[in-house]
Each structure stands twice: as C-alpha cells, then as structure tokens.
Amino acid sequence: MRIVILGAPGAGKGTQCKRVVAEYGLAHLSSGDILRRERSEGTELGKEAQSYMDSGALVPDEIIVKMMASAISESVESGFVLDGFPRTVNQAQELDNSLQSSGQKIDAIINLNVDDELVSQRMTGRRSCPECGAVYHIENLKPKVEGKCDNDDADLVQRADDALDVVANRLKTYHEQTKPVVGYYKSNGTVIEIDANKDADEVTGFVLDKLEELASALK
Ligand code: AP5
Ligand code: MG
C-alpha cells in the first residue's frame with residue numbers, strides 16, 4: 001500500500017503512522033523527521049531548511065520534492081506511508097507525476113481532522129526520544145517513567161518548533177498552504193476523513209479499520 005496521511009500540526013500524523021507501519025510493515029517517510037535528521041547531521045540541506053522550520057514556515061517545494069523523491073524511490077516497491085508530505089498543491093502534483101511515470105499511484109489519503117483549539121495543548125506537551133524517535137505527551141500519552149523513553153531510557157526532549165508562537169505560525173501555514181491539498185485529492189479521488197479529536201487509541205482503531213477495507217479491496 002502507498003498511503004498519504006494529512007493533518008494539521010499535532011493532528012497525530014507521526015503517532016498514527018508509527019502504528020500503521022507496525023501493523024502493515026510499510027516504510028514511514030516523514031518529511032519533518034528527515035529534515036530534523038539532516039539538521040542534526042549538519043548537512044547543507046539541513047542548514048538550508050533551518051530558518052524556515054524555526055519560524056513555522058514551509059521549506060521551499062524544490063528542496064522538499066527532491067528530498068522526498070529520493071526517500072520514496074527506496075521503498076516504492078515495498079509500500080510506504082507519507083507523513084508531512086505533500087504539504088502544498090504543487091508538491092502533490094509533483095508526487096502524482098513522479099509516481100505516474102513509474103506506473104504507480106497513491107492508494108489512500110487519510111485526513112486527520114483536529115480542532116485548532118487542541119493543537120497547542122498537544123504541541124506544548126509533546127516530548128520525543130532523541131534516540132529512537134518515540135513520541136509521548138506529558139498528559140495524553142505518558143512514558144512509564146517521567147522524562148525517560150520506554151524503549152531505551154534516553155532523556156526525552158522538546159522540539160524547538162513547539163514553542164507557542166511558532167505553533168501559531170505553523171497552524172497559519174497549514175490553513176493557508178496545506179489545507180488546499182485535501183481539496184486537490186478530493187477532486188481526484190477519495191479522501192478518508194478521520195476524527196482525530198478522539199484519544200490516540202480510538203483514532204488508531206478508525207484508521208486501521210479503514211486500511212483493512214482498503215487492503216481487502218486491493219487484493
Ligand atoms: P513536521 O515534523 O511534519 O511537523 P507538523 O506537520 O507540524 O506536525 P507534527 O509532527 O508537529 O505533528 P503530528 O501530526 O505528527 O503529531 P504527533 O503524532 O507528533 O514538520 C516540521 C517542519 O518541517 C514544518 O513546519 C516545515 O518547516 C518543515 N516541513 C516538513 N515537511 C515539509 C514539506 N512537505 N514541505 C515544506 N516544509 C516541510 O502528536 C503531537 C502530540 O500530541 C504528541 O505529544 C502526541 O503524543 C499527542 N497526540 C497524538 N495524537 C493524540 C490524540 N489522538 N489525542 C491526544 N494526544 C495525541
Ligand atoms: Mg510529526
């Protein structure tokens with residue numbers, strides 16, 4: 001399966017993608033995670049992306065499209081879930097064109113709908129593991145030991161772009177540039193709408209039910 005997960009910052013894209021890949025053995029291709037890795041390794045790409053990410057703006061399309069084309073080419077046969085890409089209509093068109101040229105397409109678009117009011121609570125409470133990438137929340141999804149990762153006991157960290165002023169910009173960017181991507185996919189096919197205001201396990205239940213239907217239809 002080749003899947004795209006759409007949603008605002010804090011909708012739960014990363015959280016749900018990790019559960020979907022665990023269930024279906026797909027590659028989890030998160031543009032945000034790839035950019036953060038490039039930054040921590042100090043690459044040219046990471047340096048170019050830094051100021052955009054820190055202000056809550058989007059990194060320019062040409063940089064992202066090239067970066068994601070390379071990640072997708074490595075897992076196009078085994079299947080993947082795209083998390084955080086495409087994020088503009090232009091990126092979505094570029095993705096469609098490049099898949100079409102190799103005779104492939106996206107099988108499902110999942111749109112996680114979350115109310116703006118919930119976003120800042122989710123962002124400011126998020127803690128991540130710098131070693132394995134596991135994501136927690138200080139109230140909603142607590143680690144077993146406060147401040148420590150369940151998997152490797154590493155100290156959990158906060159993302160720099162989870163500061164309240166940056167979150168407000170990220171949300172504005174989402175409404176202006178990413179929400180139109182949902183319209184783009186609706187005009188070309190089906191979008192699976194999910195209520196992501198519910199707790200994380202309930203959302204996973206909705207998503208896995210829909211994917212099970214899809215997997216049987218694709219057989
Ligand atoms: P990216 O890393 O993609 O950030 P984002 O889209 O803003 O989304 P988040 O990762 O913050 O949220 P999420 O939906 O994954 O939520 P999560 O599961 O962690 O992008 C970062 C930056 O990189 C962008 O601002 C941009 O600059 C750049 N970039 C990336 N892709 C780009 C592209 N394609 N084009 C241009 N620029 C790009 O959950 C959040 C918290 O809530 C966690 O603490 C979690 O435990 C909790 N939680 C999750 N689900 C629930 C639930 N159902 N109930 C309660 N709590 C929940
Ligand atoms: Mg994420």
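Quick note: the coordinates plus some simple rules give every number you see, no bench work behind them. None of these values were measured; they are calculated from a predicted model. No Cβ is skipped: glycine too gets one built from the backbone with ideal geometry, and neighbour counts run over all protein chains shown.
Tabulated data
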| item | result |
| --- | --- |
| Enclosed volume per residue, in Å³, of the convex hull spanned by Cα atoms of segment 1-129 | 118 Å³ |
| Listed residues E94, E77, E38, most fluctuating in the chain (Gaussian network, C-alpha, under 10 Å) | E77 |
| Likely footprinting exposure, S128, S55, fewest C-beta neighbours within 10 Å first | S55, S128 |
| Computed FRET value (nearest 0.05) for H175 with V145, which takes r as the C-beta separation and R₀ as 30 Å | 0.20 |
| Pairwise label distance in nanometres, R37 with E193, each label 7 Å out on the Cα-Cβ vector | 3.5 nm |
| Shape metrics for segment 125-219, restricted to C-alpha atoms - Rg then Dmax, Å | 17.2, 46 |
| Entries of K13/K210; K142/K172; K105/K219; K18/K142; K13/K47 with Cα pairs more than 18 Å apart | K142/K172; K13/K47 |
| Calculated Rg and Dmax of segment 168-219 using C-alpha coordinates, Å | 14.1, 43 |
| Alpha-carbon Debye profile of segment 2-69, log10 I(q)/I(0) at 0.22, 0.24 Å⁻¹ | -1.05, -1.16 |
| Rg followed by Dmax, in Å, when the chain is reduced to its Cα trace | 16.7, 49 |
| Segment D115-A160, length gained on full extension (0.36 nm per residue, minus Cα span) | 14.0 nm |
| Segment 125-169-segment 1-75 distance, computed between alpha-carbon centres (Å) | 18 Å |
| D (Stokes-Einstein, µm²/s), Kirkwood Cα radius, segment 57-179, 0.692 mPa s at 37 °C | 196 µm²/s |
| Residue-averaged [θ]222 nm for the chain, counting only DSSP H segments that reach four residues, each worth -39500 (n - 2.57) | -15500 deg cm²/dmol |
| GNM result for the chain, Cα springs below 10 Å: residue of T190, T173, T88 fluctuating most strongly | T190 |
